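Notes for the one structure printed next.
The values are calculated or read from the model by the stated rules, or taken from the named source; none is laboratory data. Being a predicted model, the structure only gives us computed values, none of them experimental. Here the Cβ is made from the backbone with ideal geometry for all residues, glycine too, and neighbour counts use every protein chain on show.
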């Protein structure tokens with residue numbers, strides 16, 4: 001069977017199941033007694049195992065199979081979760097993720113999982129030992145002992161044994177042990193099974209026949225067996241196979257089966273009791289609003305289809321052309337003044353606007369697709385730092401354009417690692433400061449206008465203004481005199497200077513300020529902005545402002561001479577007109593008084609050297625008030641054309657690093673208008 005056509009589906013679903021297992025493992029770590037979470041993790045592992053085996057990724061299937069064995073014991077109350085099991089399963093998830101990533105990169109998905117498999121097997125066999133005051137070994141051991149006593153027989157198998165005994169056959173329970181130095185255990189077991197099947201019928205084996213054939217057992221296996229052979233003949237038959245160390249044979253009679261039946265009833269009664277209590281607990285949690293993570297839901301539960309992202313890009317490009325033609329038609333209809341044409345164009349405008357909303361929504365992705373990897377990252381980071389850190393995520397359902405989502409992950413990783421490493425204090429320091437020993441890092445996302453804001457806030461030590469200034473002066477970023485005049489927020493922004501660091505010791509995790517210049521440049525390249533607020537001893541907050549989409553924006557078209565420019569509406573505070581005589585020149589910079597505030601004035605015609613226009617020829621000039629964070633400035637233009645939705649186009653690889661130009665758009669008349677980067681205008 002040709003598997004390449006299914007590879008994309010396998011990768012997508014593997015990622016979903018791995019993310020679901022990570023999320024639910026974190027939930028289980030917080031509530032280790034909640035068996036319903038274990039059931040969810042088990043189902044994801046089982047599905048992933050089946051998909052991997054079907055696709056031929058044997059190492060993936062093997063590792064998930066062993067994880068299944070551990071989870072199966074836990075969900076059946078035969079094993080209690082502890083830190084050893086959690087750490088092992090998390091390592092398994094990391095390995096599975098790296099194997100899937102290898103497949104994505106064109107590899108085979110193979111990896112050395114022997115150590116993890118051995119650890120999982122030792123957990124299943126009970127060979128590992130760890131004292132844990134919070135665990136309940138008595139309950140787990142009792143359930144395990146009861147299950148062992150029944151030999152794993154179900155009602156159907158017990159019925160077969162009972163009918164066979166009634167018909168005069170002999171029934172036995174065999175425990176066969178192979179020599180410890182045997183190289184081919186599976187081959188010896190196969191020879192035993194072959195001899196048994198030639199002289200009777202195997203009712204049940206532990207482990208299963210499939211696992212034994214694949215060498216997935218230690219040295220011993222047990223069998224319930226029906227035959228006409230006497231016990232000495234049966235023992236001779238098994239010992240005729242070489243490298244068999246011992247054989248234990250117990251006769252199975254009616255008394256034996258009665259005893260097993262009673263034990264099974266007791267186990268079922270206990271399981272029913274546990275399930276009832278679990279269902280009750282789940283109802284209480286749901287009533288309290290503590291629903292399980294969304295990732296716990298099965299991926300196939302939603303009525304969705306997968307669409308290749310390239311097809312969405314093609315759809316967006318086609319719609320961009322349609323939008324340009326729509327604008328041209330609106331202009332022509334206005335010039336011709338034909339009523340029927342106007343009605344048709346207006347209807348087409350409404351339909352295309354609805355289509356535009358749908359196309360944009362198709363490209364919108366919840367930030368949860370980025371946020372969902374952070375709880376696990378913070379958990380591992382806190383453990384390595386010997387700290388206690390809670391990550392509180394809110395607004396994960398907030399949507400952003402896919403192009404923004406693809407780029408925002410790395411900056412968020414860096415800021416979160418900074419908060420956990422250098423923001424949140426060690427446990428001893430927090431206790432000494434009168435704080436809870438567990439630090440909190442809040443990750444929030446929310447809409448505001450045409451922007452999405454992402455906040456990362458910790459309740460740690462805050463930023464030391466004097467330390468930041470001393471480092472900035474030492475590195476020549478500012479002078480001591482300049483530093484004394486700076487506000488706290490301006491000082492904190494020095495952290496984003498290239499090569500800046502206040503860390504006394506730079507760790508391999510992060511150093512506050514190390515790489516923050518890269519964070520800012522990435523966010524700025526997305527048309528966003530980042531600001532820092534902090535209070536010494538109380539914590540720090542990074543606020544990132546991002547545009548909703550990078551594809552279609554609403555802009556104000558302005559004219560200067562024969563050229564047209566587009567200014568994004570999201571950065572405009574308001575527009576106005578001012579007389580030239582009200583402008584002042586201060587140290588070579590034009591300024592104006594605007595609502596009691598002194599604003600710098602920027603001349604676009606001078607900035608872009610427009611050849612056939614000069615503001616000096618006019619008594620009045622139109623101005624556009626723009627904002628970047630807390631900073632405001634005025635931009636002089638010749639004429640307002642009007643508000644219009646425009647499609648952003650890149651300038652190509654030959655026109656790069658143009659100052660204050662972020663791209664271009666094609667207008668309805670076919671003319672190209674440059675898009676002004678207002679962030680670059682305000683320094």
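Here are some notes:
- The listed residue being at pLDDT 85 or above and either touching a helix residue (DSSP H, G or I) at 6+ places or on another chain (Cβ under 6 Å) or farther than 17 Å from residue 160 by Cβ (or both), out of 222, 227, 240, 277: 240
- Scope the stretch 378-398; condition within 15 Å of the chain's Cα centre (by Cα) and touching a residue at least 40 places away in the same chain (Cβ under 8 Å); matching residues: 378, 379, 380, 391, 392, 393, 394, 395, 396, 398
- For the stretch 426-437, taking the residues that are touching a strand residue (DSSP E or B) at 6+ places or on another chain (Cβ under 8 Å) and assigned to a helix (DSSP H, G or I), the one that is farthest from residue 540 (Cα to Cα) is identified as 427.
- Helices (runs of 4 or more DSSP H) lying entirely in the stretch 336-425 (those with 2 or more residues that are closer than 23 Å to residue 320 by Cβ, touching a strand residue (DSSP E or B) at 6+ places or on another chain (Cβ under 8 Å) and at pLDDT below 90): 339-363, 402-418
- Boolean, residue 429 is in contact (Cβ under 8 Å) with a residue 40 or more places away in the chain, surrounded by 13 or more Cβ atoms within 10 Å (Cβ to Cβ) and either in the same structural domain as residue 540 (by TED's automatic domain parsing) or over 35 Å from the mean Cα position of the chain (by Cα) (or both): no
- Residues located in the stretch 103-120, provided they are at positive phi and touching a residue at least 12 places away in the same chain (Cβ under 8 Å): 109
- Residue list for the stretch 634-661, filter: in contact with a strand residue (DSSP E or B) (Cβ under 8 Å, 6 or more places away or on another chain) and outside any strand (DSSP E or B): 638, 648, 650, 651, 660
Yes/no matrix, rows are residues, columns are (1) under 18 Å from residue 411 (Cβ atoms); (2) modelled with pLDDT of 90 or more:
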residue	(1), (2)
519	yes, no
535	no, yes
542	yes, yes
551	no, no
562	no, no
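- Among the candidates 575, 540, 554, residue that is over 26 Å from residue 623 (Cα atoms) and assigned to a strand (DSSP E or B): 540
- The set of residues from the stretch 210-221 being in contact with a strand residue (DSSP E or B) (Cβ under 8 Å, 6 or more places away or on another chain) and over 17 Å from residue 172 (Cα atoms) comprises 212, 219.
- Taking (1) at pLDDT 80 or above; (2) not in a helix (DSSP H, G or I) in turn, residue 153 satisfies each apart from (1).
- Test: residue in the stretch 524-531 that is in the same structural domain as residue 391 (by TED's automatic domain parsing), closer than 27 Å to residue 498 by Cα, at pLDDT 85 or above and not in a strand (DSSP E or B): no
- Residue within the stretch 662-675 that is within 39 Å of the chain's Cα centre (by Cα), farther than 21 Å from residue 325 by Cβ and part of a loop (DSSP other than H, G, I, E, B) present: no
- Selection status of residue 632, under 29 Å from residue 525 (Cα atoms) and at pLDDT below 90: yes
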